[in-house]
Amino acid sequence: MKKRDENPILHVVMNVAETVSVLWWKFFDWAAVVSWLSLALTSVIALIFSGFLGIGPFMVMMILAAIMIKAVAGGKRKAELMANAAMTRAEVESLERRLLEAEMAALQAQIEPHFLFNTLALIGQLIATDTERAAAVHADLIRYLRAALPQIRQQGIGQLGQQIALSRAYLNIMQARMQDRLVYKIDVEEGLEKVQFPSMMIQTLVENAIKHGLEPKIEGGIINIVAKRHDNQLWLEVSDNGMGLNMHVAEGVGLTNIRERLKMLYGTKASLIIETPFEGGAMFRVQIPYLNQNF
């Protein structure tokens, strides 16, 4: 501390030099990436004001330096800055994707055991009362696991047909549990089975419809799954005539997850639309780009 107090001038000089260095490299980066038109306009304005301030010669030197930087290092420096910016964006997106996948894994780790235990308990009950139904639920559980496990590991993009098979098996099991309180219909436009679709997304909407739409309703209801092509988009709709939108949105973790995944996978080209049908209940539509979707 004493040594620095003995050299105040050196300390000031070092601070000034550091500030000048920072300003110079900022000026260098600006001159390298600015367009020639913007550089010309900026130069004219700077010359006009520098005349009033009495720093005309200094400003001429800076303009000449900017022109030299632009001419000699402009293309290379601009490419470097763009590459660095792209790398930073890629790293951020990769981090966000890993975080989202971790959240999905944690959520599924909570949901899957609960569903499996309930299904196994149901099979155990049916074995004593209805062996044929027990065998049917057992077969549906196998189909569900065969469809679900690869998608849980993948957590990315799968085929629409796989997603539908998963939800069909799940709905069959839930139908065995809820009996007459659950009816479902699936309508997939011909030729869409092998189209790409985000894994586990339909299943999230179906589980949401069961949990918040139909289970709280004494008489239960109907779930409709519709997949169709609309212009250059693929529309996937999951609707129910259950308790309505307020119940669905009350616990919005799954819906928030879907929005974030769509944003990460497709940017602004995909969306989750939520509507209230005229007959009641709720409708959720996932809209994603259709072009170049086939494997």
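Would you mind checking K211/K263; K194/K217; K26/K269 for any pair whose Cα atoms are more than 31 angstrom apart? Walk me through the numbers on the way to the answer.
Working: K211/K263 25 Å; K194/K217 35 Å; K26/K269 35 Å.
In this structure, K194/K217; K26/K269 lie more than 31 Å apart at Cα.
Using packing as a proxy for protection, rank 217-225, 181-189, 158-166 so that the peptide with the highest average count of other Cβ atoms within 10 Å comes first.
Values: 217-225: 17.3, 181-189: 15.4, 158-166: 20.8.
Ranked by mean Cβ neighbours within 10 Å, highest first: 158-166, 217-225, 181-189.
Find how much the distance from E219 to R89 grows on full extension, using 0.36 nm per residue of separation minus their present alpha carbon separation; answer in nm with one decimal. Could the numbers behind the result be given before it?
Working: separation 130, 0.36 × 130 = 46.80 nm, distance 5.00 nm.
The E219-R89 span can extend by a further 41.8 nm.
Under a Cβ-Cβ cut-off of 11 Å, what is the net charge of the residues other than M178 that fall near it, where Lys and Arg count +1 and Asp and Glu count -1? Present the calculation step by step, with values, prior to reporting the outcome.
Values: positive: R177, R181, K217; negative: D180, E215, E219.
Around M178, the charge tally is 0.
Provide the gained length on full extension for the span D231 to M14, in nm with one decimal, where the gain is 0.36 nm per separating residue minus the Cα-Cα distance. Don't skip to the end; give the middle numbers.
Values: separation 217, 0.36 × 217 = 78.12 nm, distance 6.41 nm.
Here the segment from D231 to M14 would lengthen by 71.7 nm.
Quick check on packing: order 226-239, 114-127 by the mean number of other C-beta atoms within 10 Å, highest mean leading. It would help to have the intermediate numbers written out before the result.
Values: 226-239: 17.0, 114-127: 14.4.
Packing order, densest peptide first, comes out as 226-239, 114-127.
How much FRET efficiency would the formula 1/(1 + (r/R0)^6) give for F52 and S21, where r is the Cβ-Cβ distance and R0 is 45 Å, rounded to 0.05?
0.95
Laboratory data are not the source of any read-out in this text; all were calculated from the coordinates shown. Please read all numbers here as calculations on a predicted model, not as lab measurements. A quick note on method: Cβ atoms are made from the backbone with ideal geometry, for glycine too, and the neighbour counts reach across all protein chains shown.
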